[in-house]
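The values are calculated or read from the model by the stated rules, or taken from the named source; none is laboratory data. All figures in this text were calculated on a predicted structure; none of them were measured in a lab. Every residue, glycine among them, receives a Cβ derived from its backbone with ideal geometry; neighbour counts consider all protein chains shown. Just the protein is used for accessible areas: all its heavy atoms, side chains included, with ligands, DNA and RNA removed. Shrake-Rupley method; radii C 1.70, N 1.55, O 1.52, S 1.80 Å.
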Amino acid sequence: MKRIVLILGIASIFASCAKESLDALAGRVYDLASYQLVLMDSNLPQGRLPKTLDEGGELVTSDIKWWCSGFYPGSLCFAAMHTENLKLAALADKYTHYLDTLSRAKNSHDIGFMLNCSFGNHLLLFPEQAAADSLVLREGADRLASRFSPVTGTTRSWDFGKWKYPVIIDNMMNLELLMKFGTPEQQEMAISHADRTIANHFRDDYTTWHVVDYDPESGEVIKKQTHQGYSDDSAWSRGQAWALYGFTMMAVQCNEKGYPEASARFKAQAEKVAEMLLQRLPADGIPEWDFDAPEPALKDASAGAIMASAFVQLAGITRGSLSRRCITMAEKQLRTLASPRYLCEKGECKGFILKHSVGNMPKNGEVDVPLTYADYYFLEALMRISEK
Ligand code: GLY
């Protein structure tokens, strides 16, 4: 009897020390996400979408024009696909259709985020609605393409502020809409934008500036600055994440759409950015909100989640040691995000999934809070790594 108790005791110690498998981790997070995303629906006023939590922990919402409006519908699509839960599928359908009129609204440089993350995933969840979804996505691509200038060779970002023709590194993400749903001419625009970004946004160490302001008459660069980072010359973490994700995505898309040379250029750029990040990321894989912010600086879970998703994709198209190091880093980031430090508990956070992101530190906006895009890219990364 004593022997059996001893064996059982040792077995339970081993079991508690054993590393959770990635499949088990993804299952645990998707179980939680399924609960949280439904809870979020019950907290949302009619017609509104989640944005963040305020200082008192209350839900802050947005209309469909906020650049993040596609992330909650997109997260619902991921959860519905992963769990095959009909309630989640119905919510994914409901919230995606909130965005029906966006492709005809006043154009926005972020129409790619908004439509690709919502309708782009809805299309996969509801193949029978593919024709209608494709129409919205194609209209969205037309809208984004109308912001392209052949003089600068880029799509324009903001219509506000002190700049003449600002282009932000974030806009690499919007190119996915042009590549997937645009005409060949619009795909060439996306390639041009990415090439100009390689030429003008990167420093010698492969960190990126946030904003490059162009002269719209000559196409020359006027200045390079930050808007959400610590300083003009610092490496704002989410900007570095957009760069890694954006160039990896462009390498994949160009390969699929028959632009092998462009694909090779963008893959090489993604690999350089990855090498830089692998050197600079901390032991737990989650960067502070700016790599150059004075210590101690707050962590940004959103940057960690975006990078994790990109690292998994890059690992699939690159070879050898870099591929292995990308997967190791993605796994580390996902394990950290799935730990109690970052993961909301069931019923907590009003239905968000991750804590501790930073939206806009210089403006003291959305500091150390949940954000919809952190949740979206976390779920995407887990789907991607589970499929490997
Ligand atoms: N695209 C806006 C941001 O990353 O905050």
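Scanning region 168-191 for residues being within 16 Å of residue 152 (Cβ to Cβ) and within 16 Å of the ligand (Cβ to nearest atom) gives a total of 6. Residues that are more than 16 Å from the ligand (Cβ to nearest atom), at pLDDT 95 or above and farther than 14 Å from residue 138 by Cα: does region 108-123 have at least one? Among the residues of region 108-123, at least one is more than 16 Å from the ligand (Cβ to nearest atom), at pLDDT 95 or above and farther than 14 Å from residue 138 by Cα, which makes the answer yes. Applying the criterion of being out of contact with any helix residue (DSSP H, G or I) (no Cβ under 7 Å at 6 or more places or on another chain) and loosely packed, with under 15 Cβ neighbours inside 10 Å to the residues of region 20-34, the residue that is farthest from residue 336 (Cα to Cα) is 31. Within region 64-84, residues that are modelled with pLDDT under 95 have Cβ atoms under 8 Å from residues that are part of a loop (DSSP other than H, G, I, E, B) and open to solvent by less than 10 Å² (accessible area, probe 1.4 Å) in no pair, counting only partners at least 6 apart in sequence or on another chain. All told, residue 250 meets the bar of being open to solvent by less than 10 Å² (accessible area, probe 1.4 Å), within 20 Å of the chain's Cα centre (by Cα) and either more than 15 Å from the ligand (Cβ to nearest atom) or of a type in the set (Phe, Trp, Tyr) (or both). Within the set of pairs 6+ apart or on separate chains, which have a first residue in region 193-220 that is basic (Lys, Arg), a second that is open to solvent by less than 20 Å² (accessible area, probe 1.4 Å), and C-beta atoms under 9 Å apart? Note: pairs meeting the criteria are 196/152; 196/153; 196/154; 196/167; 196/212; 196/214; 196/219; 203/235.
For region 206-225, check the following and say yes or no: at least one residue is more than 16 Å from the ligand (Cβ to nearest atom), of a type in the set (Phe, Trp, Tyr), closer than 30 Å to residue 134 by Cβ and out of contact with any Pro (no Cβ under 6 Å at 6 or more places or on another chain). No - not one qualifying residue is present in region 206-225. Residue 222 is checked against (1) in a helix (DSSP H, G or I); (2) open to solvent by 10 Å² or more (accessible area, probe 1.4 Å); (3) farther than 21 Å from residue 381 by Cα; (4) of a type in the set (Val, Ile, Thr) and fails just one. What number does that condition carry? With (1) in a helix (DSSP H, G or I); (2) open to solvent by 10 Å² or more (accessible area, probe 1.4 Å); (3) farther than 21 Å from residue 381 by Cα; (4) of a type in the set (Val, Ile, Thr) applied to residue 222, the lone miss is (1). Counting the residues of region 363-388 that are open to solvent by 10 Å² or more (accessible area, probe 1.4 Å), of a type in the set (A, V, I, L, M, F, W, C) and more than 16 Å from the ligand (Cβ to nearest atom) gives 2.
Scanning region 350-362 for residues that are on the phi > 0 side of the Ramachandran plot and within 16 Å of the ligand (Cβ to nearest atom) returns a single hit, 356. Is it the case, given these coordinates, that residue 341 is at pLDDT 95 or above and surrounded by fewer than 20 Cβ atoms within 10 Å (Cβ to Cβ)? Spelling it out, residue 341 is indeed at pLDDT 95 or above and surrounded by fewer than 20 Cβ atoms within 10 Å (Cβ to Cβ). For region 85-107, the set of residues classified as modelled with pLDDT of 95 or more and among the small types (Gly, Ala, Ser) consists of 89, 90, 92, listed by residue number. Note on region 65-82: residues that are away from the ligand (no atom under 16 Å from the Cβ) and open to solvent by 30 Å² or more (accessible area, probe 1.4 Å) total 2. When each of 44, 37 is tested for being more than 16 Å from the ligand (Cβ to nearest atom), surrounded by fewer than 22 Cβ atoms within 10 Å (Cβ to Cβ) and modelled with pLDDT of 95 or more, the lone residue that passes is 44. Residues in region 286-338 that are of a type in the set (D, E, K, R) and either within 15 Å of the ligand (Cβ to nearest atom) or modelled with pLDDT under 95 (or both): 290, 295, 300, 319. Residues that are at positive phi and open to solvent by 20 Å² or more (accessible area, probe 1.4 Å) number at least 3 in none of the helices (runs of 4 or more DSSP H) confined to region 99-194.
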